[in-house]
Amino acid sequence: MPRTIMTNVYIARQPIYNRRLQVEGYELLFRSGEENRADVHDRDRATSTVLRNAFMEIGLGHLVGEKPAFINFTRNLLLDQESFPCPYEKVVLELPAYLEPDEEIVTVVADLRKRGCRFALDNFGFSDPRVPLVDLVDYIKLNLRELGLEKIPELIGHLAGCEAKLLAHCVESQQEYVACRELGIDHFQGFFFCRPEIVKGRRLPASRLSTIRLLSQLQSPEVTLEELEKIIAQDVSLSYRLLRYLNSVQFGLVSKIDSIRHAVSYLGLDNLRVWASVILLARIDEKPVELLKTSLVRGKMCELLGRESGESDHGTFFMVGLFSTLEALLDLPIGDILQDLPLAEGIKLALLGYAGNPGEALACVLAYERGEWDAVDDAPYPGDTVSQAYLKAIAWAEETIGKVAG
């Protein structure tokens, strides 16, 4: 578990996918309490301090596992290699659009590349002054919001013969993702994976309909413990995964739970609903593992924020975060899903309009996930509480994912 992070420092991660929707790295978004100072040198020093302290206190592995971390670097930090906080092979340095590629910069980039460092050109565009660096970088990032999807083919044409991998970022919908794939782009960043792929008239797979039916039964306010036991016992896969998870080291039980009845009596109705729902969502095929991981991070982070604010109904907070990805998992509009799921009114209102305390927690979690730091500051939680909740949620999700999926 990560140690305590310094106050007023926010660090979040955003996944970078390949064409198979496997995560190949994470971009780190961060902000320090000194970020708004006017002096460029002070901003560089603050950023360097944040990175060094964060990596030492949290550990890069807690943030990105074995994947590389994509980190935005300024000119001064690039030239000041003594400030570099971690091994070169663990990172991809993103070179910003305003970087002037003079002889000094070109020399430094070439030298660092020989030492194993990888680079990306951030927000590459037409008439880009960083053309001298194109043959020295591993990735070229194309910003869909700034360029517009219609301009991407022309820019790709200008980069013909370039060996760097093209990475589309700010990809916000399934349609944009598919269009970028068809243009030959191999890497993607954005929240498209949290968006549903809704095709009018398409029938849902039987497995997904079964998931919705089981979730509906689990969430029914009239269901009793005995009925819940029967529902779970009738689904062999659900029963097996639930017992496997409860008997894992993570729960630390003294004696083994060997039946669904035992699990029911141990967990109680509300906790059983939570864990059975997590395992059901983990069974959904044809979705990237990162989507389930995002569900778990959001659920745990909402729960932790609820605990910090003195709320007693932690399960409601967790379920709000967990179910915030239902649209993408089930490829249905949230309004349609909620018609079929008899969720508590507080969960529905939070999912539809961020209403109530659980909705407020979800809004804060989503803002943190996107690096919208001003919105995080406006949330009714201390900044260090939010950043700690995020880091704890990532650690918990990484530990949990292997036990509930597969």
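One table, with the values for the structure above:
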quantity	calculated
Whole-number percent relative contact order across the stretch 84-218, with pairs defined as alpha carbons under 8 Å at least 6 apart	17 percent
Placed amide H near Asp331: partners under 5 Å, 5+ positions off or other chain	Glu197
Antiparallel DSSP beta bridges within the chain, percent to nearest 5	35 percent
The stretch 10-194, relative contact order in percent, only Cα pairs under 8 angstrom and at least six apart counted	17 percent
DSSP beta bridges in the stretch 10-194 [antiparallel fraction, %, rounded to 5]	35 percent
Straight-distance crosslink candidates among aspartates and glutamates, where the alpha carbon sits under 16 Å from Lys151 and sequence neighbours closer than 8 are dropped	Asp128, Glu176, Glu182
Ranked packing of 13-21, 70-78, 95-103, most packed first, by mean Cβ within 10 Å	70-78, 13-21, 95-103
Calculated [θ] (222 nm, deg cm²/dmol) that DSSP helices of n ≥ 4 give over the chain, each run adding -39,500 (n - 2.57)	-15500 deg cm²/dmol
Kyte-Doolittle mean at least -1.0, axial Cα span of 18 Å or more - DSSP H helices of the chain	40-57, 206-219, 260-282, 289-308, 356-370, 383-404
Inter-label distance for Ala355 and Leu149, nm, one decimal - labels placed 7 Å from Cα along Cα-to-Cβ	3.3 nm
Point-to-point label distance, Asn271-Ser255, nm (Cα→Cβ direction, 7 Å offset)	1.6 nm
For the chain: relative contact order, % (alpha-carbon pairs under 8 angstrom, 6 or more apart)	16 percent
Calculated P(r) tail over 36 Å for the chain, as whole % of Cα pairs	30 percent
Distance in nm between pseudo-label sites at Glu66 and Glu345 (7 Å out along the Cβ direction from Cα)	5.0 nm
Distance violations [Cα-Cα > 28 Å] among Lys256/Lys403; Lys114/Lys293; Lys67/Lys287; Lys114/Lys165; Lys141/Lys287; Lys293/Lys348	Lys114/Lys293
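Values quoted throughout were computed directly from the atomic coordinates according to the rules given, and no laboratory measurement underlies them. Please read these numbers as outputs of a predicted model, since none were measured by experiment. Please note: Cβ atoms are built from the backbone with ideal geometry, for glycine as well, and neighbour counts cover all protein chains shown.
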